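Working notes, structure below.
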2 protein chains.
Amino acid sequence: MTKKRILILGSGFGGVYAAVHLGKLLTRQELDAFEIALVNKENYITFQPLLPEVISGSVELNHVIAPIRRMAPKAHVYTREVEAIDLEARTVTLSPGARPASLTLSYDHLILAMGTQLDHSKIPGMREHASPFKYLGDALRLRHQLVRALEEAETETDPEVRRRLLTFVVAGGGFSGVECIAEMNDFLREAVRAYHNITERDLRLILLQRGGRILPELVESLAAFAHRLLIGRGVEIRLGAGLKAVSAEAVVVEDMSTSALETIGTRTTVATVPAGPHPMLSHLPLKQHKGRIVVEQTTAVPDWQGLWALGDCAAIMQVDGQMSPPTAQHALRQARTCAENIVASLRGRPQKIFKFTGLGKLGSLGRRSAVAEIFGIHLKGLVAWILWRGVYVTKFPGFDGQLRLIVDWVLDVFLPRDITQLRLFHEDPVRREHFEAGEMIFAKGDLGDKIYFIVQGEAVVLRGDEEVATVGKGAVFGEAALISNQPRNASIRAATALDAVAVSRSAFEELLGHLPGIRETMQRIMIERKELEPAKDLPVSKRALLKAPANHAI
Amino acid sequence: MTKKRILILGSGFGGVYAAVHLGKLLTRQELDAFEIALVNKENYITFQPLLPEVISGSVELNHVIAPIRRMAPKAHVYTREVEAIDLEARTVTLSPGARPASLTLSYDHLILAMGTQLDHSKIPGMREHASPFKYLGDALRLRHQLVRALEEAETETDPEVRRRLLTFVVAGGGFSGVECIAEMNDFLREAVRAYHNITERDLRLILLQRGGRILPELVESLAAFAHRLLIGRGVEIRLGAGLKAVSAEAVVVEDMSTSALETIGTRTTVATVPAGPHPMLSHLPLKQHKGRIVVEQTTAVPDWQGLWALGDCAAIMQVDGQMSPPTAQHALRQARTCAENIVASLRGRPQKIFKFTGLGKLGSLGRRSAVAEIFGIHLKGLVAWILWRGVYVTKFPGFDGQLRLIVDWVLDVFLPRDITQLRLFHEDPVRREHFEAGEMIFAKGDLGDKIYFIVQGEAVVLRGDEEVATVGKGAVFGEAALISNQPRNASIRAATALDAVAVSRSAFEELLGHLPGIRETMQRIMIERKELEPAKDLPVSKRALLKAPANHAI
């Protein structure tokens, strides 16, 4: 006899707590008949309110996560990604594990708790050059990036490069963006003391907010308090400023009232802009409201027996007539309602409706200050901060996790902050890069560390100040320096917004050595390039030649 | 006026402590004239004795490292790699930082403290498939790999794949290998309790040691104690067993007395085999002894004014006539001697010689047990373990680091061990893989997630059990499944030991879309492959055809 299955697809608190509640509510006999299965791409959940503290190091990085297997010991956990959902066949297909084969699970009940995903498509360069800020890996990567910027600025002699290294931009002035820049600011201002050549005055931290004020989730007086406090601590806040494009060296910011564009040089951009619907869910034949699946107040999806949705991916009308907001406190209670209703349906009992309407809102501002709206009361400063820490430590799953947090916070009071840079991340050897019009892709004399192929856009080739050629889609450049191991012999500048694929030296050498066709093509390109060389006095004809979609190179 | 420079190239305690001592010994006037510059590829040093505890999680991962800038505040720290050393010109060239340009530093005094590097060349597949165990990143990666193995074994149904996932091999029975397998064993045996389908009996941990006993650094009675203790805790110890080859799925082990080979299926191999000389140093025109630079007892390199060497990369004869061993306690004292002698030479004073001959040896066995030889006294068990912790906590640089260690150890007594799997690592999209003769590269029906190019060796193509072709160097295979998005339509097995370049689906798609020449070649290959298809009844001719160095594919 095969067991029936209650399958939960979850990436956050909603999914895990549905498994926790099901494990508690189901009797032993019911658990013999029904397997609780939970699919999550990690074996832990990230406690997002504490994520900003990982940046400053006031909480240890693995103290903001909780192991799912310990939280929901009765669930069967699959640490895989969801590849397909078939509502007709009542199956879900998961990504390969130890073997290169998919795994298909059938279900009797399916709970969709897959959250949202950052939508990169609207802002050019965001995917390639902005750090998201949602998961533990994001926080670690950002911290690594902050320390790297300090390390490089310490020994950098070019003042413009130094300025870019020491300018940090956070896009999005909601809770996430405000908490993120507050912790970045605290960390950087303390960390610079360990450097000889950087002072606090060299640091520039900029918060971009499209709307007219930060923290639109809160009442205006609290937002104004947070605004003044951040400015007092050295953060620059730009209101009515929308992020238009991101490159490795800058952000383009639009003034929302005048539509004027401004470029701010920076090597560190964090995007906390709102996430969009999960792409897998948007393909399902289900009624949606602003990208969220419309469910009944029982968390059941109408017209699909045994299908449930909750958390950020579900649109649930609250008893007060408001749409339930995408927060953890709501997801947690929806998970409880959902678990109770599944158990009730198994036992043939009546369904309950979701009655929670929210307790309050809390936002940390770093260094012993916060803002809070609880049961209609407005709190700010130290009182709100104590409340903030108290609430989140009690919300953290498990006594051991709570104890670890308290110890971290106690030690943080009197120990200096960690400034080590964990070099766990390296650039992908084959990766996309985005350039805005006018940006240098590389300059004559640079070390040749990458080869580029233009995916879209145009670039000009410069010898000195002279534009000797324009190249477009399909053009390859930068291979000469790689092959000869000499500095770049020309400069390339993006003439339009430009997307390129960059291949690192080591990957290129592997491919050149072993991938059939590449060596021949590269040789042909280099011969063509040599033929072009003497024609320096004929820029017009050369430009025409190079505009052809052939594979000309520098 | 440009400052003179004392330049230290260091990757461990020796280099950093030379900077610490120089900072303390030099007067303010001398520091105005001489810059202390330290080059290290990280901005921290790893406290290696504690590294095994990161695996089990009894110490937090960033509590085993110490920030160099705080330890040596008077030094100018360059977090770069060394690219070239020119002893004649008295310059050192560093890798690029924020800009694609090298940095060349001149020096008046140069201290070589670059340690050793793992030599991958002797064991096929070691670079590709074995984890080193020297730096923090190695420990983190290994921990991640252990949890991943448990996660995958939990849901794996193929018993052979499951066995490989739950078999863990450590090569090298010295301190490092013994401490590593002890902590792995402790961690895994506790962690399995959180899994439904894995028990302690499913775990297999194997320690490979070429010599006749483990811990050759210690007296025989202590080594025998450690041996019995590990076996009692479930570790398998193979003496006289040398690592001959590593693949993604197995290790090949040689019986050192009979030369018989045995293959042990495993997905996790750790190599703690001895490291070799640093490749950069072996090219210098300096006298060497077993890959270490021969220095005088003052740590000065003979015949090169202002050149010094210390730590694992230096061969220093001790006052007792022994060669100074490559341990941190010796490197620390050599650093002091070196710093004192540089200062003495600046002041025209006489040089001192290195007089330290070692205090003792300590090895942890995990779970409240250790072995120790201190001042000729032999200790084992709990007493040695208390000594071990006491010694290392006092040796750890800085009070804050010491306090953090103590807190970790206290919490570890009564909190459960963390079983979260930080997914910070992903396979390189372009990487080398090694296969031993007889291993499947992929099987018919597998999902096509990679394309392969043979770098050396031969493979056979199988349709069912029939060998339909042999392919060799330069052959490409696996692209059909990638392009068609269908499961593999044939199997490939390594006929000899084989090295391949594997390119991931995503990287291949980027290259196919944008790298000139590839699309055409792939189309040609696929047409050729189709032509071969009907010739299934002519295996001999096909085989002959495919043996040609052309780019045939499956």
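Read-outs throughout are calculated quantities, based only on the coordinates presented, and are distinct from any laboratory measurement. Not measured: the values here are computed from a predicted model. Neighbour counts are summed over all protein chains in view; Cβ atoms, including those assigned to glycine, are modelled from backbone coordinates with ideal geometry.
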- line: Here the correct list, in nm and shortest first, of distances from A:Gly464 to the same site in the other copies, label points 7 Å along Cα→Cβ, is 7.3
query: Distances from B:Gly234 to the same residue in each other copy, label points 7 Å out along Cα→Cβ, in nm, shortest first?
result: 5.1
message: Just want the ordering: A:Val161, B:Val64, B:Val82, from fewest to most Cβ atoms lying within 10 Å of their own Cβ.
response: A:Val161, B:Val82, B:Val64
message: Skipping prolines and chain starts, which residues have an amide H placed within reach, meaning under 5 Å, of the one on B:Ala84, given they are 5 or more residues away or on another chain?
response: B:Thr93
- request: Have a look at A:Val161, A:Ala113, A:Ser102 and report the one farthest towards the positive end of the charge dipole of chain A, computed about the Cα centre with Cβ charges (Lys/Arg +1, Asp/Glu -1).
  value: A:Ala113
task: Output ³J(HN,Hα) for region A:75-92: one whole-Hz value per residue in order, computed from phi by the Karplus curve 6.51 cos²θ - 1.76 cosθ + 1.60 with θ = phi - 60°, and x for Gly and Pro.
output: 8, 8, 9, 10, 8, 9, 9, 7, 9, 7, 10, 10, 6, 5, 7, 6, 9, 10
- request: Could you work out the mean projected area of the convex hull around the alpha carbons of region A:390-531, in square nanometres to one decimal?
  value: 14.5 nm²
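Please tell me the relative contact order of chain B in percent, rounded to the nearest whole number, where contacts are Cα pairs under 8 Å and at least six residues apart. Write out the running numbers ahead of the final one.
On the way: 1129 pairs, mean separation 70.5, N = 554.
Result for chain B is 13 percent.
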- prompt: In chain B, with Lys and Arg counted as +1 and Asp and Glu as -1 at Cβ, which of these residues, B:Val501, B:Val319, B:Ile483, has the Cα nearest the positive end of the dipole, that is, farthest along it?
  reply: B:Val319
- request: With everything on Cα atoms, drop me the angle between helix B:175-191 and the longest principal axis of chain B, reported from 0 to 90° to the nearest 10.
  value: 60 degrees
- prompt: Would you list B:Met184, B:Met323 from fewest to most Cβ contacts within 10 Å?
  reply: B:Met323, B:Met184
- request: Rank the residues A:Leu112, A:Leu140 as a footprinting-exposure proxy: fewest other Cβ atoms within 10 Å of their Cβ go first.
  value: A:Leu140, A:Leu112
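So what's the projected area for chain A, the Cα convex hull averaged over all directions, in nm²?
On the way: hull surface 119.3 nm².
The directionally averaged projection comes out at 29.8 nm².
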query: How would you classify the protein assembly as shown from its alpha-carbon gyration tensor, with a ≥ b ≥ c the square roots of the eigenvalues: rounded for a/c under 1.5, else prolate if a/b is greater than b/c, otherwise oblate?
result: rounded
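Could you sort out which of A:Lys134/A:Lys352; B:Lys41/B:Lys74; B:Lys24/B:Lys74; B:Lys4/B:Lys355; A:Lys244/A:Lys473 sit more than 20 Å apart by Cα distance in this structure? Don't jump to the answer; show the numbers that get you there.
Values: A:Lys134/A:Lys352 32 Å; B:Lys41/B:Lys74 18 Å; B:Lys24/B:Lys74 9 Å; B:Lys4/B:Lys355 30 Å; A:Lys244/A:Lys473 23 Å.
Check vs 20 Å cut-off fails for A:Lys134/A:Lys352; B:Lys4/B:Lys355; A:Lys244/A:Lys473.
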- prompt: Taking amide H positions as placed 1.01 Å from N in the peptide plane, with prolines and chain starts having none, which residues 5 or more places from B:Leu307, or on another chain, fall under 5 Å of its amide H?
  reply: B:Leu110, B:Val301
- prompt: Using alpha carbons only, how many degrees (0 to 90, rounded to 10) separate the axis of helix A:136-155 from the longest principal axis of chain A?
  reply: 30 degrees
message: If amide hydrogens are placed 1.01 Å from N in the peptide plane, which non-local residues have theirs closer than 5 Å to the one on A:Val270?
response: A:Ser131, A:Val169, A:Val170, A:Ala171
- request: Work out from phi, with θ = phi - 60° and the Karplus expression 6.51 cos²θ - 1.76 cosθ + 1.60, the ³J(HN,Hα) of each residue of region A:391-401, listed in order in whole Hz, and give x for Gly and Pro.
  value: 4, 6, 5, 6, 7, 5, x, x, 5, 5, x
- prompt: Relative to the longest principal Cα axis of chain B, at what angle does helix B:505-514 sit, 0 to 90 degrees, rounded to 10?
  reply: 80 degrees
field: Using θ = phi - 60° and Karplus 6.51 cos²θ - 1.76 cosθ + 1.60, couplings along region A:303-313 (whole Hz; Gly, Pro as x)
entry: 6, 10, 5, x, 10, 9, 9, 7, x, 4, 8
message: Rounded, prolate or oblate, given the Cα gyration tensor of region B:308-388, with a/c below 1.5 counting as rounded?
response: prolate
Anisotropy class of region A:360-431 from Cα gyration tensor, a/c 1.5 cut: prolate
task: Distance between Cα centroids, region B:148-185 to region A:292-314: provide it in whole Å.
output: 42 Å
query: Per residue of the protein assembly as shown, what 222 nm ellipticity follows from adding -39500 (n - 2.57) for every DSSP H run with n ≥ 4, rounded to the nearest 500?
result: -10000 deg cm²/dmol
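Please report, in debye to the nearest 20, how large the charge dipole of chain B is about its Cα centre when each Lys and Arg carries +1 at its beta carbon and each Asp and Glu carries -1 there. Could you put the intermediate results ahead of the total?
Values: 67 positive and 63 negative charges, 299 e Å.
Here chain B has a charge dipole of around 1440 debye.
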query: Where the only charges are on Cβ atoms (+1 Lys, Arg; -1 Asp, Glu), what is the dipole of the protein assembly as shown about its Cα centre, to the nearest 20 debye?
result: 1760 debye
